[in-house]
Amino acid sequence: MKQFALTVIIIGLSFNSIFSNSNVVDECYIYDYIEDCEKQAYDYDLYRTRMAVLESSSSYTALNQFGYLGMYQFGRSTLKGLRRSGYLKISNREMITKNFLSNPELQERAMKALTDHNIKVLTRYGLMKYIGSEVKGVEVTLSGMLAASHLVGPNAVKKLIKSNGIINKADGNGTTALKYLNEFV
(Lines give C-alpha, C1' and ligand atoms only; values in the text may rest on other atoms or scores of the structure.)
Protein backbone atom coordinates (compact mmCIF):
# COMPACT_ATOMS: atom_id res chain seq x y z
CA MET A 1 0.00 0.00 0.00
CA LYS A 2 1.32 3.44 -0.92
CA GLN A 3 1.86 6.07 1.74
CA PHE A 4 0.37 9.50 1.20
CA ALA A 5 2.67 12.51 1.61
CA LEU A 6 1.00 14.90 4.01
CA THR A 7 3.85 17.35 4.47
CA VAL A 8 6.74 18.73 2.50
CA ILE A 9 9.48 16.13 2.34
CA ILE A 10 13.06 17.35 2.49
CA ILE A 11 15.44 15.09 0.61
CA GLY A 12 19.11 15.32 -0.09
CA LEU A 13 21.60 13.36 1.97
CA SER A 14 19.83 10.03 1.72
CA PHE A 15 19.30 10.27 -2.02
CA ASN A 16 22.73 11.79 -2.65
CA SER A 17 24.27 8.69 -1.11
CA ILE A 18 22.18 6.53 -3.45
CA PHE A 19 22.73 8.64 -6.56
CA SER A 20 26.44 9.32 -6.17
CA ASN A 21 26.72 11.50 -9.28
CA SER A 22 23.29 13.11 -9.05
CA ASN A 23 21.84 16.37 -7.86
CA VAL A 24 18.50 16.12 -6.15
CA VAL A 25 15.98 18.90 -5.84
CA ASP A 26 16.11 20.13 -2.22
CA GLU A 27 12.39 20.05 -1.63
CA CYS A 28 9.62 17.78 -2.83
CA TYR A 29 6.44 19.74 -2.54
CA ILE A 30 3.29 17.96 -1.51
CA TYR A 31 2.66 14.99 -3.82
CA ASP A 32 0.07 12.28 -3.83
CA TYR A 33 2.68 9.63 -3.05
CA ILE A 34 6.07 9.83 -1.37
CA GLU A 35 7.86 7.91 -4.13
CA ASP A 36 7.11 10.74 -6.60
CA CYS A 37 9.97 12.63 -4.96
CA GLU A 38 12.40 10.00 -6.22
CA LYS A 39 11.54 10.95 -9.81
CA GLN A 40 13.20 14.31 -9.26
CA ALA A 41 16.72 12.86 -9.09
CA TYR A 42 18.75 13.69 -12.16
CA ASP A 43 22.37 13.61 -13.20
CA TYR A 44 23.46 17.25 -13.55
CA ASP A 45 26.74 16.38 -15.29
CA LEU A 46 24.95 14.32 -17.94
CA TYR A 47 22.33 17.05 -18.41
CA ARG A 48 25.00 19.77 -18.69
CA THR A 49 27.07 17.74 -21.16
CA ARG A 50 24.08 17.00 -23.40
CA MET A 51 23.00 20.66 -23.30
CA ALA A 52 26.50 21.72 -24.36
CA VAL A 53 26.32 19.45 -27.40
CA LEU A 54 22.82 20.64 -28.34
CA GLU A 55 23.54 24.32 -27.84
CA SER A 56 27.06 24.76 -29.27
CA SER A 57 28.65 21.42 -30.16
CA SER A 58 30.46 21.85 -26.81
CA SER A 59 32.30 25.06 -27.70
CA TYR A 60 32.92 27.69 -25.04
CA THR A 61 33.67 30.20 -27.80
CA ALA A 62 30.45 29.70 -29.78
CA LEU A 63 28.55 32.84 -30.79
CA ASN A 64 25.37 32.47 -32.84
CA GLN A 65 23.69 34.86 -35.29
CA PHE A 66 21.37 36.16 -32.55
CA GLY A 67 24.24 37.04 -30.19
CA TYR A 68 23.85 34.08 -27.82
CA LEU A 69 27.11 33.32 -26.09
CA GLY A 70 29.26 30.36 -25.20
CA MET A 71 28.83 26.68 -24.69
CA TYR A 72 25.26 27.02 -23.39
CA GLN A 73 24.25 29.93 -25.64
CA PHE A 74 23.33 32.50 -23.01
CA GLY A 75 21.58 35.71 -23.90
CA ARG A 76 22.64 38.86 -22.10
CA SER A 77 19.10 39.30 -20.78
CA THR A 78 19.30 35.86 -19.13
CA LEU A 79 22.65 36.70 -17.54
CA LYS A 80 21.31 40.02 -16.29
CA GLY A 81 18.19 38.32 -14.94
CA LEU A 82 20.27 35.76 -13.07
CA ARG A 83 22.36 38.58 -11.62
CA ARG A 84 19.30 40.61 -10.65
CA SER A 85 17.66 37.64 -8.92
CA GLY A 86 20.84 36.81 -6.99
CA TYR A 87 21.57 33.50 -8.69
CA LEU A 88 24.76 34.64 -10.43
CA LYS A 89 27.47 37.10 -9.49
CA ILE A 90 28.59 38.61 -12.79
CA SER A 91 29.89 42.07 -13.64
CA ASN A 92 29.10 44.14 -16.72
CA ARG A 93 32.71 43.62 -17.77
CA GLU A 94 32.30 39.83 -17.60
CA MET A 95 29.23 40.07 -19.85
CA ILE A 96 31.28 41.63 -22.67
CA THR A 97 31.30 39.05 -25.45
CA LYS A 98 35.05 38.39 -25.61
CA ASN A 99 35.32 38.19 -21.81
CA PHE A 100 32.38 35.80 -21.43
CA LEU A 101 33.56 33.55 -24.27
CA SER A 102 37.07 33.32 -22.80
CA ASN A 103 35.84 32.34 -19.32
CA PRO A 104 34.71 28.69 -19.15
CA GLU A 105 34.41 28.82 -15.35
CA LEU A 106 31.95 31.72 -15.58
CA GLN A 107 29.94 29.87 -18.23
CA GLU A 108 29.72 26.82 -15.96
CA ARG A 109 28.60 28.97 -13.02
CA ALA A 110 25.97 30.59 -15.24
CA MET A 111 24.69 27.19 -16.37
CA LYS A 112 24.40 25.97 -12.78
CA ALA A 113 22.68 29.21 -11.75
CA LEU A 114 20.15 28.98 -14.59
CA THR A 115 19.47 25.33 -13.81
CA ASP A 116 18.91 26.09 -10.12
CA HIS A 117 16.61 29.00 -11.03
CA ASN A 118 14.61 26.87 -13.47
CA ILE A 119 14.19 24.05 -10.94
CA LYS A 120 12.70 26.51 -8.46
CA VAL A 121 10.37 28.05 -11.05
CA LEU A 122 9.22 24.69 -12.43
CA THR A 123 8.56 23.54 -8.86
CA ARG A 124 6.66 26.73 -8.06
CA TYR A 125 4.54 26.17 -11.20
CA GLY A 126 3.64 22.71 -9.89
CA LEU A 127 5.17 20.91 -12.87
CA MET A 128 7.10 18.24 -10.95
CA LYS A 129 3.90 16.20 -10.69
CA TYR A 130 4.02 15.72 -14.49
CA ILE A 131 7.32 13.82 -14.40
CA GLY A 132 6.63 10.40 -15.89
CA SER A 133 3.57 11.58 -17.80
CA GLU A 134 3.52 12.23 -21.56
CA VAL A 135 3.04 15.26 -23.77
CA LYS A 136 2.27 14.33 -27.39
CA GLY A 137 3.87 10.92 -26.80
CA VAL A 138 7.03 12.36 -25.21
CA GLU A 139 7.79 11.38 -21.62
CA VAL A 140 8.22 14.32 -19.26
CA THR A 141 11.49 14.18 -17.29
CA LEU A 142 13.12 16.75 -15.05
CA SER A 143 16.06 17.02 -17.43
CA GLY A 144 13.68 17.46 -20.36
CA MET A 145 11.79 20.25 -18.59
CA LEU A 146 15.10 21.91 -17.70
CA ALA A 147 16.31 21.67 -21.30
CA ALA A 148 13.08 23.13 -22.65
CA SER A 149 13.22 25.86 -19.98
CA HIS A 150 16.77 26.67 -21.04
CA LEU A 151 15.55 27.00 -24.62
CA VAL A 152 12.33 29.01 -24.23
CA GLY A 153 11.84 29.66 -20.51
CA PRO A 154 9.93 27.86 -17.77
CA ASN A 155 6.67 29.70 -18.50
CA ALA A 156 6.68 28.26 -22.03
CA VAL A 157 7.29 24.79 -20.54
CA LYS A 158 4.29 25.27 -18.25
CA LYS A 159 2.15 26.16 -21.28
CA LEU A 160 3.53 23.20 -23.25
CA ILE A 161 2.72 20.69 -20.53
CA LYS A 162 -0.62 22.12 -19.44
CA SER A 163 -1.82 22.39 -23.05
CA ASN A 164 -0.64 18.83 -23.76
CA GLY A 165 1.68 20.09 -26.49
CA ILE A 166 -0.75 22.43 -28.27
CA ILE A 167 1.27 25.49 -27.19
CA ASN A 168 4.80 24.61 -28.28
CA LYS A 169 7.07 27.66 -28.35
CA ALA A 170 10.16 27.72 -30.57
CA ASP A 171 13.38 29.70 -30.32
CA GLY A 172 14.76 31.91 -33.11
CA ASN A 173 16.20 28.89 -34.90
CA GLY A 174 12.82 27.13 -34.95
CA THR A 175 13.75 24.58 -32.29
CA THR A 176 10.68 23.78 -30.18
CA ALA A 177 10.26 23.13 -26.48
CA LEU A 178 8.83 19.68 -27.30
CA LYS A 179 11.96 18.80 -29.29
CA TYR A 180 14.18 19.62 -26.29
CA LEU A 181 11.82 17.78 -23.94
CA ASN A 182 12.24 14.75 -26.21
CA GLU A 183 16.06 15.02 -26.17
CA PHE A 184 16.10 14.05 -22.48
CA VAL A 185 13.81 11.01 -22.32
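Picking from 58, 77, 85, which residue would you name as being free of Cβ contacts under 8 Å to residues at least 12 places away in the same chain, of a type in the set (Ser, Thr, Tyr) and under 25 Å from residue 184 (Cβ atoms)?
77
Could you tell me whether residue 175 is touching a Phe, Trp or Tyr at 6+ places or on another chain (Cβ under 8 Å), within 26 Å of residue 59 (Cβ to Cβ) and surrounded by fewer than 22 Cβ atoms within 10 Å (Cβ to Cβ)? Show your work before the answer.
Numbers: touching a Phe, Trp or Tyr at 6+ places or on another chain (Cβ under 8 Å): no; within 26 Å of residue 59 (Cβ to Cβ): yes; surrounded by fewer than 22 Cβ atoms within 10 Å (Cβ to Cβ): yes.
No.
Would you confirm whether any residue within segment 84-104 is assigned to a helix (DSSP H, G or I), of a type in the set (A, V, I, L, M) and either over 17 Å from the mean Cα position of the chain (by Cα) or modelled with pLDDT of 95 or more (or both)?
yes
Please work out which residue is farthest from residue 61 (Cα to Cα), limiting yourself to segment 105-140 and to residues that are in contact with a Lys or Arg (Cβ under 8 Å, 6 or more places away or on another chain) and outside any helix (DSSP H, G or I).
132
Go through segment 79-112 and give me each residue that's of a type in the set (Val, Ile, Thr) and closer than 17 Å to residue 67 by Cα.
If the condition is that a residue be of a type in the set (Val, Ile, Thr) and closer than 17 Å to residue 67 by Cα, then 96, 97 are the ones that fit.
Restricting the search to segment 76-94, which residues are surrounded by fewer than 18 Cβ atoms within 10 Å (Cβ to Cβ) and of a type outside the set (S, T, N, Q)?
76, 80, 81, 84, 86, 89, 93, 94
Please count how many residues of segment 148-184 are among the aliphatic types (A, V, I, L, M), within 21 Å of residue 69 (Cα to Cα) and touching a residue at least 24 places away in the same chain (Cβ under 8 Å).
4
Scan 146, 122, 127 and give me the residue that is among the aliphatic types (A, V, I, L, M) and either touching a strand residue (DSSP E or B) at 6+ places or on another chain (Cβ under 9 Å) or not assigned by TED's automatic domain parsing to the domain that holds residue 48 (or both). Give the steps one after another, and end with the answer.
Details: 122 fails: either touching a strand residue (DSSP E or B) at 6+ places or on another chain (Cβ under 9 Å) or not assigned by TED's automatic domain parsing to the domain that holds residue 48 (or both); 127 fails: either touching a strand residue (DSSP E or B) at 6+ places or on another chain (Cβ under 9 Å) or not assigned by TED's automatic domain parsing to the domain that holds residue 48 (or both).
The unique qualifying residue is 146.
The values are calculated or read from the model by the stated rules, or taken from the named source; none is laboratory data. Fair warning: this is a prediction, and the values are worked out from it, not measured in the lab. Counting neighbours? That spans all protein chains shown, and the Cβs are built from the backbone with ideal geometry, glycine included.
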